[in-house]
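Since the structure comes first, as structure tokens, the remarks are kept for the end.
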Amino acid sequence: MTGVESPEYVPGHGLLKGRTAVVTAAAGAGIGGATARRFLEEGARVLISDAHARRLKEYEAELAGEFEGVSALACDVTDEAQVQALFDTAVRQHGRLDIVVNNAGLGGTSALVDMSDEQWSKVLDVTLNGTFRCTRAALRAFREGGHGGGPEGGHGGGPEGRHGGGRGGVIVNNASVVGWRAQAGQAHYAAAKAGVMALTRCAALEAAGFGVRVNAVSPSLAMHPHLVKVTSPELLEELTEREAFGRYAEPWEVANVIVFLASDYSSYMTGEAVSVSSQHA
């Protein structure tokens, strides 16, 4: 199958103007890095974090050369103290928190019959437990008023201070289509991502009472350098061939959907897992 060429990059339209966002696992060229860039292009202030401190500082410097309003703090999402420090810093720096993107995750390939407890637990701790820790910290910040809206302090971040009702705040989790679809060698990752979807739905119900929306994106195949390092060329070719467009997604294409979920254009959506995929059903 001949692949369809990637579309042209979509320019920003100020959809997140005046809002403050935290994006985890945002160092480098993957979905987190693309999301941080897209948020800045849409007018947000962004605190990026990652467990890799050196790469994080390098990416912060790159973004700071192009945008105002970017800062960075290293954070290992398996460490509760570091997670709390990340959210405390966001509120302290900007007076509030509007958007959280839980992108941190860990994959790997191993047949279940050969998988060790350590392999299973490590993937679950970063991908599912880390999302839980960051979601909990974000919800506490939103509930306690360390959030709000636009530059005038209204609850909602839009030009008129609207944000879906209530006091506002948005969480977007990064799940995966393997949370729905089986893939050999991915039992730990699939279980973690299915858990992220379930966590998203439950958190959305609990948070609706104080005006917070919680959604997820579920990408299939977004190509970036780290994925190339940890995945065989044969598997990448096989996965690419499954895509209806005959190509993988660019990370910024997934980030565009995250922008939509973070913006007022999705004000009535909560508890949803949006597939960012062209895979055949």
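The values are calculated or read from the model by the stated rules, or taken from the named source; none is laboratory data. These figures come from a predicted structure and were not determined experimentally. Positions of Cβ are generated from backbone atoms using ideal geometry, with glycine treated the same way; all protein chains shown enter the neighbour counts. For the accessible areas, the whole protein counts, side chains as well, though only heavy atoms, and no ligand, DNA or RNA atoms are used. Shrake-Rupley method; radii C 1.70, N 1.55, O 1.52, S 1.80 Å.
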Q. Give me the pairs: first residue in segment 44-71 and without any contact (Cβ under 8 Å) to a residue 24 or more places away in the chain, second residue surrounded by 14 or more Cβ atoms within 10 Å (Cβ to Cβ) and β-branched (Val, Ile, Thr), beta-carbon distance under 6 Å, and six or more apart or on different chains, which are they?
A. 64/70
Q | Checklist (1) of a type in the set (S, T, N, Q); (2) open to solvent by 50 Å² or more (accessible area, probe 1.4 Å); (3) assigned to a helix (DSSP H, G or I) applied to residue 35, failing item | A | (2)
Q) Inside segment 87-126, can you point out the residues that are over 30 Å from residue 187 (Cβ atoms) and either assigned to a helix (DSSP H, G or I) or of a type in the set (Val, Ile, Thr) (or both)? A) 87, 88, 89, 90, 91, 92, 93, 94, 99
Q | Unmet criterion (only one of (1) open to solvent by less than 20 Å² (accessible area, probe 1.4 Å); (2) over 19 Å from the mean Cα position of the chain (by Cα); (3) of a type in the set (Asp, Glu)) for residue 144 | A | (1)
Q | Of residues in segment 234-265 being modelled with pLDDT under 95 and in a loop (DSSP other than H, G, I, E, B), the one least open to solvent (accessible area, probe 1.4 Å) | A | 246
Q. Which one of the conditions (1) more than 29 Å from residue 132 (Cβ to Cβ); (2) modelled with pLDDT under 95 does residue 66 fail to meet, given that it meets all the rest?
A. (2)
Q | Filtered residues of segment 1-43 (kept if closer than 30 Å to residue 242 by Cβ, of a type in the set (Asp, Glu) and in contact (Cβ under 8 Å) with a residue 60 or more places away in the chain) | A | 5
(Q) If residue 227 satisfies all but one of (1) open to solvent by less than 20 Å² (accessible area, probe 1.4 Å); (2) modelled with pLDDT under 95, what's the number of the condition it fails? (A) (1)
**Q.** Candidates 112, 73, filtered to the one that is closer than 23 Å to residue 220 by Cβ and open to solvent by 50 Å² or more (accessible area, probe 1.4 Å)
**A.** 112
Q) Do we have any residue at all in segment 3-22 that's touching an Asp or Glu at 6+ places or on another chain (Cβ under 8 Å), closer than 18 Å to residue 134 by Cβ and among the β-branched types (Val, Ile, Thr)? A) yes
Q: Could you look through segment 76-89, keep only residues that are in contact with a helix residue (DSSP H, G or I) (Cβ under 8 Å, 6 or more places away or on another chain) and not charged (D, E, K, R), and pick out the one that is surrounded by the most Cβ atoms within 10 Å (Cβ to Cβ)?
A: 77
Q | Selected residue (only one of 59, 9 is open to solvent by 50 Å² or more (accessible area, probe 1.4 Å), aromatic (Phe, Trp, Tyr) and more than 16 Å from the chain's Cα centre (by Cα)) | A | 9
Q: Could you list all residues from segment 175-194 that are within 15 Å of the chain's Cα centre (by Cα) and of a type outside the set (A, V, I, L, M, F, W, C)?
A: 176, 193
Q. Counting just the residues of segment 165-187 that are open to solvent by less than 40 Å² (accessible area, probe 1.4 Å) and farther than 18 Å from residue 203 by Cβ, which one comes out modelled with the highest pLDDT?
A. 187
Q: Starting from residues that are closer than 27 Å to residue 267 by Cβ and open to solvent by 20 Å² or more (accessible area, probe 1.4 Å), keep the ones in segment 12-30 and report whichever is nearest to the chain's Cα centre (by Cα).
A: 25
